[in-house]
Amino acid sequence: MGLTDFGHMQVISRHVRELLGIEEPVFSRSIALPYRDNMGLFLEQKSRSGEKADALTFSQFVQEAGLEPYKLSVPEEQDISEPTSSQSP
């Protein structure tokens, strides 16, 4: 990609996290807190290279880690084609 500006890398990372619906990792996080979201933990495992990481699936990860399965919630997009009350029909 040819990115050299750290600020640009941070912006891209933030947008990718928003698209995937995962929270930003906080490195000062207390170990007494509950686990982060499942998808964030899964992607952290997938970031490693090798056959084991390549073969790992989300459902397999959740089962092996003993995490609670949950449904992914995708934010709904607003339909801009619908007229609003201020527009005339």
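None of the figures in this text is laboratory data; all of them are computed from the coordinates on show. What you see is a predicted model, and the numbers here were worked out from it, not measured in a lab. Here the Cβ positions follow ideal geometry from the backbone for every residue, glycine too, while neighbour counts run over all protein chains shown.
Some points to look at:
- Per-residue HN-Hα couplings for segment 37-53 [Karplus 6.51, -1.76, 1.60; θ = phi - 60°; Hz; x = Gly/Pro]: 5, 4, 5, x, 5, 5, 5, 5, 5, 5, 5, 6, 9, x, 4, 5, 5
- Theoretical FRET efficiency, 1/(1+(r/R0)^6), r = Cβ-Cβ of D54 and L3, R0 25 Å, to 0.05: 0.50
- The label point for V26 and the one for R14, both projected 7 Å from the Cα toward the Cβ, are 1.7 nm apart.
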